[in-house]
Amino acid sequence: MPPAAIRAARRFFRSPRTFFRDHPRARSAAVGFVVVLAFAFALAGSVVYLGGLLADTTDATVTVDNPDRPPEWVCDGPSPDVGDIDDGCDEPETIERDAGAMLREAAYDRTAHAFLGGLLLWPIAGTTLFITARLSGGDGGYLDTLGVAAWAVVPEFLRLVVALLGLRYALGRLELTGPVESYPDQLLAALASLETPLLPVTVVVFVWQWVILTAGLEETHGLSRTAAGVVVGVLLALWGGAMVVT
């Protein structure tokens, strides 16, 4: 990493306001997009990793319908031998599938949702931050506000890493047993043990985000520290409340 980039990173961690003041380009929406894009990729990668963890929790098999066999109305119809429509009717109606592989596939199916979710939250948060800052007397631009909002995802990397370590610990000790229908309840019971350890990490992340966004609004909107802090504090409180409800 170039020395200038190292110095900028140190400044960001030590004094976000100095970072935003000395590096105006860092407040641009273009740089913000790169930051958010990196987080979206990390979020998608974490879902893939979670799929692997889930696959290791069981070695059971599940009976499912055979996708290679045509529907019953084809095979049991009055003229099942017309053309090639009955191809595959000699296949078994059901097959055995690895439950772990199915859990992995279910997680992989959420990869795109995680990636897009990580991207879409940025303009929503940035727009909300811009509107509330303007209503509080700020005079900053929309794109600069988007750029500042993007840097609030940096603390989320910390929460993501800690969450993945917690998942690895909890799921590594879990072995799913019994009927497949009981798997969700078993998973929820295992994950419930992570709520208390993750709480202080969430508090640290919110405080860190408050510091970053408050400094950003001070610099881009010309707000006092008190006004900027109140704006950011209210928004983070609403965001935290929404997380608890959901």
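Tell me, please, whether a residue that is more than 23 Å from ASN66 (Cα to Cα) and out of contact with any Asp or Glu (no Cβ under 8 Å at 6 or more places or on another chain) can be found in segment 80-102. Taking every residue of segment 80-102 in turn, none turns out to be more than 23 Å from ASN66 (Cα to Cα) and out of contact with any Asp or Glu (no Cβ under 8 Å at 6 or more places or on another chain). Before we move on, is LEU54 out of contact with any strand residue (DSSP E or B) (no Cβ under 9 Å at 6 or more places or on another chain), farther than 17 Å from ILE212 by Cα, among the aliphatic types (A, V, I, L, M) and modelled with pLDDT of 90 or more? Against the criterion (out of contact with any strand residue (DSSP E or B) (no Cβ under 9 Å at 6 or more places or on another chain), farther than 17 Å from ILE212 by Cα, among the aliphatic types (A, V, I, L, M) and modelled with pLDDT of 90 or more), LEU54 does not qualify.
In this structure, PRO3 does not qualify as surrounded by fewer than 15 Cβ atoms within 10 Å (Cβ to Cβ), modelled with pLDDT under 80, of a type outside the set (S, T, N, Q) and in contact with a helix residue (DSSP H, G or I) (Cβ under 7 Å, 6 or more places away or on another chain). Annotation note: of ARG104, ARG110, ARG27, the sole residue that is of a type in the set (Lys, Arg), at pLDDT 80 or above, touching a helix residue (DSSP H, G or I) at 6+ places or on another chain (Cβ under 9 Å) and within 30 Å of GLY216 (Cβ to Cβ) is ARG27.
Candidates in segment 133-162 are the residues that are free of Cβ contacts under 8 Å to residues at least 40 places away in the same chain and surrounded by fewer than 18 Cβ atoms within 10 Å (Cβ to Cβ); of these, the one that is farthest from VAL47 (Cα to Cα) is LEU135. Residues satisfying the criterion are absent from segment 75-90 (criterion: among the charged types (D, E, K, R), at pLDDT below 90 and not in a loop (DSSP other than H, G, I, E, B)). Scanning segment 99-130 for residues that are under 29 Å from PRO179 (Cα atoms) and either touching a Phe, Trp or Tyr at 6+ places or on another chain (Cβ under 7 Å) or of a type in the set (D, E, K, R) (or both) yields ARG104, GLU105, ASP109, ARG110. Where helices (runs of 4 or more DSSP H) fall wholly inside segment 123-227, the ranges with 3 or more residues that are farther than 24 Å from ARG27 by Cα are 154-172, 183-192, 195-221. When we screen GLY233, GLY222, GLY172 for residues that are under 25 Å from the mean Cα position of the chain (by Cα), surrounded by fewer than 17 Cβ atoms within 10 Å (Cβ to Cβ) and over 30 Å from ARG104 (Cβ atoms), the only hit is GLY233.
Being touching a residue at least 60 places away in the same chain (Cβ under 8 Å) and among the hydroxyl-bearing types (Ser, Thr, Tyr) is the requirement here; does TYR108 meet it? Spelling it out, TYR108 is indeed touching a residue at least 60 places away in the same chain (Cβ under 8 Å) and among the hydroxyl-bearing types (Ser, Thr, Tyr).
The values are calculated or read from the model by the stated rules, or taken from the named source; none is laboratory data. Model, not experiment: these values are computed from the prediction. All Cβ positions, even for glycine, are placed from backbone atoms using ideal geometry, and neighbour counts span all protein chains on display.
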